[in-house]
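Input: a single structure, listed below in structure tokens.
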Amino acid sequence: MSRRKFVVGVATPEGMTASYAYFMPAIAQGFDRDEGLEFSFFYGGEPGATAHSLCEGACDIACLNTIVGFMGRSNGLPMVAVGSKARRAHRYFAVLPESPIRRLADLKGKKIACDFPHIQPLAEAALAAEGVEPGSFAWMPWHGSGMKITDMIAPLRSGEEDALFIMDWTDGDARAQGLELRHIRSRLLEHIRVSSCYWTTENKLAAEKDILTKALRAIQKSLVFSFADPEASLRAMWDIFPQTRPSAAGREETFRHDLEVLKACLEPMRIDSADPDSRWCAIPSAEMSAWQEFLLKSNIIPRELDLTKLYTTSLVPGLNDFDAKQIRQTTTQQHR
């Protein structure tokens, strides 16, 4: 039976990594095939470039920070959020455990590095909300790949940088390397919970609403499986993308490292009792209004956007039409 190829866009350099291993059960367990789909991946690199690629037809959906969608829409890109992805902050200001920096206000006059420059406006807005205006601190270069923290550890320890603005996967990478970074709390980032979304285009939503619903349902099944058995998700990545399989000599160390990264990436997507809507991919209207208000106030977007065009919740009921309990039981049975 022929299946519709469905391309998921991710804002990373070329090649699958543990940061997105939670997509693997969709393929390994056949969740995509159950929906008549065949998943593949597009690697867009930097978030802004990925947004443009989405609108040029390189992928069917893209996983991007909520701020990237607002900025893209403000710049004329016909992006539409069709579901929330991360349900709480997945970006953090981080410092060494022994750093004297305790509050965001302490970053005035300091040096900060950000893994992806396109996300710097979000950091600037969070800092401004606590009295640290643009120009009162210095942006420093990120050493190496934004996917990894390895080349940033020495500059942080030497004082070349005082703090980092990083993603969940970078935090997990640090933890796997024995560095437990300390997060500096941000009232703004903690207040607005929908920090990333699944984005598509206006034309694709109009023409393929049913296909998008099916794809998101397969992805949420994959998430449920990954939460229950992240180890199996990593092994599935090795099977589906053999180039990610480490050598036998370094397999145990790589597995331990990648598991930390995967768990760090899963954590912001967890649904708990504090969520106003417990359905997968729910987008509370108050959250999107709060985003708009803060982006306007911070001059990240120049004018108010029509939120009815920026996001939709119409796919949420259909993509939640599956038995999560049954999927969790499947992971238990596979271990017997």
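Per-structure values
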item: Hits in segment 74-91 (condition: in contact with an Asp or Glu (Cβ under 7 Å, 6 or more places away or on another chain) and part of a strand (DSSP E or B)); result: 80
item: Residue check, residue 246 exposed (fewer than 15 other Cβ atoms within 10 Å of the Cβ) and touching a helix residue (DSSP H, G or I) at 6+ places or on another chain (Cβ under 6 Å); result: yes
item: Qualifying residue in segment 161-179 (condition: in contact with a strand residue (DSSP E or B) (Cβ under 6 Å, 6 or more places away or on another chain), in the same structural domain as residue 311 (by TED's automatic domain parsing) and charged (D, E, K, R)); result: no
item: Some residue of segment 130-138 being hydrophobic (A, V, I, L, M, F, W, C), touching a His at 6+ places or on another chain (Cβ under 9 Å) and either at pLDDT 95 or above or under 21 Å from residue 203 (Cα atoms) (or both); result: no
item: Residues of segment 273-289 that turn out to be part of a loop (DSSP other than H, G, I, E, B), surrounded by 15 or more Cβ atoms within 10 Å (Cβ to Cβ) and of a type in the set (A, V, I, L, M, F, W, C), as a count; result: 4
item: Subset of segment 264-278 (residues that are in contact with a helix residue (DSSP H, G or I) (Cβ under 7 Å, 6 or more places away or on another chain) and either aliphatic (A, V, I, L, M) or at pLDDT 95 or above (or both)); result: 264, 266, 269
item: Single residue of segment 37-73 satisfying the filter (assigned to a strand (DSSP E or B) and within 14 Å of the chain's Cα centre (by Cα)) that is farthest from residue 25 (Cα to Cα); result: 65
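The values are calculated or read from the model by the stated rules, or taken from the named source; none is laboratory data. These numbers were taken from a predicted model, which means no experiment stands behind them. Cβ sites come from the backbone with ideal geometry, for glycine too, and all protein chains shown count toward neighbours.
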